[in-house]
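As structure tokens, the structure follows; a few thoughts come after it.
What follows draws every value from the coordinates through simple rules; no lab data is involved. Since the structure is predicted, the reported quantities are computational estimates derived from the model, not experimental observations. Here the Cβ is made from the backbone with ideal geometry for all residues, glycine too, and neighbour counts use every protein chain on show.
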Amino acid sequence: MTVGPVTVGPIAHGGHCVARYDGRVIFVRHALPGETVMITITDTGQPSYWRGDATVIIDPSPDRIDRACPISGPGGCGGCDFQHVAPAAQRRLKADVLAEQLHRLAGLDLHVPVEHVPVRSPSQDGQPVDGLGWRTRMRYLFDDHRQPGLRAHRSHRVITLPPQGCLIASPVISRPTGAPSDGELIGIDAADGVHWLSGEDREQITEHAVGRDWQVAGDGFWQVHPAAADLLATAVLDGLRPESGEKAFDLYCGVGLFSGALVDAGCRVIGVESSRDAVAAARRNLADAGSRARFHAARVDRALGAPRGRSALPGSTDLIVLDPPRSGAGKRVIEQVVRRRPRAIAYVACDPAALARDLGYLFRQAYQLTSLRAFDLFPMTHHLECVAVLQPSGG
């Protein structure tokens, strides 16, 4: 079913714009605010709203550009939902979404520009294309004909890669060669070279950031933008201003990136992470720090809330880094963090809604925002990364 013409409303969290047709809200992908479009409805399963794709552009926005990838539009791969948007306009839209979430969920009226993070881009027709060639980790699936592809939006359907491969991927992993027996292949452009891993492989790879080498499982977490690890660690240190001898918690610590940055700044760090494999890697990565870096495999909420005497975490600390998953830290973790009365908290967030919600909890616990930076670490998509720094109110 196609409806319209419809004039598209503002950008919303999640990579779509909000439109209204005959009194019904439609969340529209592949559109831009102010455009007049025809919308092909893709989901009517919710009584209060529909989902759709802008499939005919009647009156385009001046920020609209031609997509570089032939499978990035309606009905195609679900990854690049902003390929139809000029890169500078992508960053403005992300800043608008962040501002809206901060206002709605944290009561904060603040507009933070999303910072451009340069990366050497591949060329198209001899010209470099901003926002392409940055992704250093790719997970490829294979269709019934053993051709590599990526999932469609909100679907398990595999969209076959075009001949040029995935354009946001680092060029050396933009297209896999061969097909694994289990139908999945992970490509990694790491500091120690290119790796191709099937779902059965448990290979360790080496990354490099903040002056250290990091051992990471091939299927483990590491930032996918080549500049991200150094950039985020620097932003955390700049915000916290750690002093030699201070104590710190690194919560959701992964393989120890922020712990390493804090140790090298003279702190004593306790890291907590639910993945036992990641904790084992963190211990290896920071073995040279000795007792200045300790790690515990536990859920963060349980480690923070364990009874006195049994908790892995002391009752007070100077600094806390939070780098939770996309769902955020949540009220329980925030309450336990505040009980430690750190002089500064750095919150690293990949979801503006979860960040704004948790900032609201911190504001109600007498902490105030001292800085907030936003980075465009996922070009051609609606995602962004933020680093918020908070201190006790009046402190």
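Could you give me the ³J(HN,Hα) list for segment 219-225, computed from phi with Karplus coefficients 6.51, -1.76, 1.60 and θ = phi - 60°, whole Hz, x at Gly and Pro? Residue by residue, segment 219-225 yields 9, x, 8, 8, 4, 8, 8 Hz. Cα centroid separation, segment 247-308 to segment 214-245: 13 Å.
In terms of packing, defined here as the mean over residues of other Cβ atoms within 10 angstrom, the peptides 82-88, 62-68, 205-211 line up highest first as 82-88, 205-211, 62-68. Residue exposure proxy: 138, 1, 380, ordered by other Cβ atoms within 10 angstrom of their Cβ from fewest to most, comes out as 1, 138, 380. Using a Förster distance of 30 angstrom, determine the FRET efficiency expected from the C-beta separation of residue 335 and residue 103, and round it to 0.05. Calculated transfer efficiency: 0.80. Distance between the pseudo-spin-label points of residue 88 and residue 194 (7 Å out from Cα toward the beta carbon): 3.4 nm. Note on the chain: with charges restricted to the Cβ of Lys and Arg (+1) and Asp and Glu (-1), its dipole about the Cα centre is near 1440 debye. Other residues with beta-carbon under 12 Å from the beta-carbon of residue 252 carry, at +1 per Lys or Arg and -1 per Asp or Glu, a net charge of -2. Using the Cβ-Cβ distance between residue 284 and residue 366 with R0 set to 35 Å, the FRET efficiency works out to roughly 0.35. The modelled label-to-label distance for the pair residue 115/residue 143, using points 7 Å beyond Cα in the direction of Cβ, is 4.1 nm. For the pair segment 326-395 / segment 58-116, the C-alpha centres are spaced 22 Å from each other. Which shape class applies to the chain: rounded if a/c is under 1.5, otherwise prolate when a/b exceeds b/c and oblate if not, where a ≥ b ≥ c are the square roots of the Cα gyration tensor eigenvalues? Oblate is the answer for the chain, as a/c is 1.5 or above yet b/c matches or exceeds a/b.
Here the simple spin-label model places points 7 Å from the Cα toward Cβ, and for residue 154 and residue 24 these points are separated by 1.3 nm.
For residue 25, the residues 5 or more places off, or on other chains, whose built amide H falls under 5 Å of its own are 50. This model, with +1 at the C-beta of Lys and Arg and -1 at the C-beta of Asp and Glu, gives segment 1-101 a dipole about its Cα centre of some 140 debye.
Mind checking the angle between helix 276-285 and the chain's longest principal axis? C-alpha axes, 0 to 90 degrees, to the nearest 10. The answer is roughly 60 degrees. Each helix, a run of at least 4 DSSP H residues, gives -39500 (n - 2.57); summed and divided by the residues of the chain, these come to -6000 deg cm²/dmol at 222 nm. All other residues whose Cβ lies under 15 angstrom from that of residue 155 are scored, Lys and Arg at +1 and Asp and Glu at -1, for a net of +1. Using R0 = 41 Å, the C-beta based FRET efficiency linking residue 96 and residue 243 works out to 0.65. For segment 1-120, what class follows from the C-alpha gyration tensor (a ≥ b ≥ c being the square roots of its eigenvalues): rounded when a/c is under 1.5, otherwise prolate if a/b is larger than b/c, else oblate? The shape class here is oblate. Quick check on segment 225-392: take the gyration tensor over C-alpha atoms, sort the square-rooted eigenvalues as a ≥ b ≥ c, and tell me if it's rounded (a/c under 1.5), prolate or oblate. Rounded.
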